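Presented below is the structure to which this report refers.
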Amino acid sequence: MTGRRYLIAGNWKMHGRLQDGTALAQALAEKLGPNGDPRFEILVCPPATILSAVSAVGEKTALLTGGQDCHAAPQGAHTGDIAAEMLADAGAGYVIVGHSERRQNHAETSAQVKGKAAAALRAGLKAIVCVGETREQRDAGQAAEIVAAQVAGSVPEGATADNCVLAYEPVWAIGTGLTPTIADIAAMHSMIREKLRGLVASPEAVRILYGGSVKASNAAEILAIDDVDGALVGGASLDAGSFWAIAQACR
């Protein structure tokens, strides 16, 4: 890692109602205070129903908030969808796009993910573009090929280190307790950074997060890898103590 500040992002997924969500945000906000920590930034992405309330909790602190998905259009007849501009209006600074659960459960293509990432940039949000292979793809020796194609097809025009973050999440490691080897993570992150050349200006400055069963017990080892610039955390982000312990593993 060279001059890149760690980003520890919590994806709450479909967890969190008003009372427990704001309490969790409050606990993190109190730990961060108004000035945060020079080693890392902390971001939480709650359900859209409580995004505004969670953003309000962190308003005078260093706690960052984001959405979990957005539509490519700024408005329109898209029942149930949320525009990036609406997330920004609710206090978000980031939005996750292309998470494996969206790619798999909703059959999102890289082209659709690219459209959503472009919408995030249009709305002044920072896009966290997720990529990752399935177990079957890794076993077939296709992991690098699949992820490289997702990067090439999902990163929008105009992406920079200031408005775009990549997140590598091997699908088979999400919520399973399994993680790739340190060597596998290092190789994939190195490949992703190389793939960013020609797609973004100053690819060395773009943050690449690792996601997939990150917890306090393995965070230090993962975050010590070159080209790992933070973590996209699922289950462990729902407990303030566990999530904070992951952040404290940053060098």
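All of the numbers you see were taken from the coordinates with simple rules; none came from a lab. This structure is a prediction, so every number in the text was calculated from the model and none was measured. Please note: Cβ atoms are built from the backbone with ideal geometry, for glycine as well, and neighbour counts cover all protein chains shown.
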Worksheet entry | Computed magnitude of the charge dipole of the chain (debye, nearest 20; Cβ of K, R +1, Cβ of D, E -1) | 200 debye
Discussion item. Going through the cross-link list LYS31/LYS116; LYS31/LYS114; LYS126/LYS215; LYS60/LYS195, which pairs have a Cα-Cα distance over 29 Å in this structure?
Written reply: LYS31/LYS116; LYS31/LYS114; LYS60/LYS195
Discussion item. As a footprinting exposure proxy, order TRP244, TRP12 by other Cβ within 10 Å, with the fewest listed first.
Written reply: TRP244, TRP12
Worksheet item: Placing +1 at every Lys and Arg Cβ and -1 at every Asp and Glu Cβ, with all other atoms neutral, what dipole size does the range 1-53 have around its Cα centre, in debye to the nearest 20?
Response: 160 debye
Discussion item. Taking amide H atoms as placed 1.01 Å from N in the peptide plane, list the residues 5 or more away in sequence, or in a different chain, whose amide H sits under 5 Å from that of HIS99.
Written reply: CYS130
Worksheet item: Per residue, how much space in cubic angstrom lies within the convex hull of the C-alpha atoms of the range 133-193?
Response: 95 Å³
Worksheet item: Expressed as a whole percent, how much of the Cα-Cα distance distribution for the range 6-98 exceeds 20 Å?
Response: 32 percent
Worksheet entry | Listed residues ALA219, VAL200, ALA123: farthest to the positive end of the dipole of the chain (Cβ charges) | ALA123
Response to the item:
Longest the chain segment clear of GluC sites (Glu not before Pro) sitting in DSSP loops (not H, G, I, E or B) with at most 12 other Cβ atoms within 10 Å runs 60-156
Worksheet item: What list do you get for LYS31, LYS114 if you sort them by fewest beta carbons within 10 Å?
Response: LYS31, LYS114
Response to the item:
For the range 16-145, the dipole about the Cα centre with charges only on Cβ (Lys and Arg +1, Asp and Glu -1), to the nearest 20 debye, works out at 140 debye
